[in-house]
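Values in this text are rule-based calculations from the coordinates and carry no lab data. Only a predicted model underlies this, so the values are computations on that prediction, with no experimental measurement involved. Ideal geometry is used to build each Cβ from the backbone, glycine not excepted, and the neighbour counts take in all protein chains shown.
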């Protein structure tokens with residue numbers, strides 16, 4: 001079944017359409033902005049091309065609105081659901097990837113002034129605290145909504161990562177690495 005050229009974005013689209021039941025590309029973009037984009041970044045333009053590609057492969061069905069903008073509305077097919085279920089059943093993933101500009105700057109910290117590294121760390125502390133606050137707000141807003149246990153578990157992962165990041169930057173701000 002998995003001899004197709006499916007990417008992580010393909011599975012994101014299949015999962016989002018299955019979750020939403022029926023969706024336009026704009027619905028997918030809105031859904032991703034409110035959820036998955038907090039931990040999975042990719043060009044949102046793919047949310048306009050990928051559903052069409054998946055429909056051509058028979059993994060999504062589509063219909064056109066009869067009036068107005070005549071947008072395409074996608075639904076997952078039986079074949080698409082089977083492909084999504086096979087992907088979800090596979091425990092293999094790629095290793096965690098950290099792509100953080102602050103960490104990149106810290107890596108080259110021996111080329112900077114010590115006070116610049118402290119300023120960087122303090123700014124990172126501010127930024128991470130704001131992100132934790134945003135995540136806690138999302139958590140509070142959805143804590144009593146039934147059926148979101150897995151989505152809230154991913155939010156808990158995000159909070160844990162941000163809390164560890166906060167502790168790291170607080171240590172750097174207080175006691176930056178020493179120059180040789």
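Figures for the structure shown
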item: Options 6, 20, 12: the member that is within 24 Å of residue 63 (Cα to Cα), under 15 Å from the mean Cα position of the chain (by Cα) and surrounded by 13 or more Cβ atoms within 10 Å (Cβ to Cβ); result: 12
item: Every residue from region 39-69 that is in a helix (DSSP H, G or I) and surrounded by 17 or more Cβ atoms within 10 Å (Cβ to Cβ); result: 46, 47, 50, 51, 53, 54, 55
item: Candidates 152, 111, filtered to the one that is at negative phi and over 18 Å from the mean Cα position of the chain (by Cα); result: 111
item: Subset of region 70-87 [out of contact with any strand residue (DSSP E or B) (no Cβ under 6 Å at 6 or more places or on another chain), assigned to a helix (DSSP H, G or I) and touching a residue at least 12 places away in the same chain (Cβ under 8 Å)]; result: 79, 81, 82, 83, 84, 86, 87
item: Condition met for residue 116 (within 30 Å of residue 15 (Cβ to Cβ), out of contact with any strand residue (DSSP E or B) (no Cβ under 8 Å at 6 or more places or on another chain) and without any contact (Cβ under 8 Å) to a residue 12 or more places away in the chain); result: no
item: Members of region 8-20 found to be out of contact with any strand residue (DSSP E or B) (no Cβ under 7 Å at 6 or more places or on another chain) and closer than 21 Å to residue 65 by Cα, listed by number; result: 13, 19, 20
item: Residues being assigned to a loop (DSSP other than H, G, I, E, B) and under 19 Å from the mean Cα position of the chain (by Cα) - total across region 137-149; result: 1
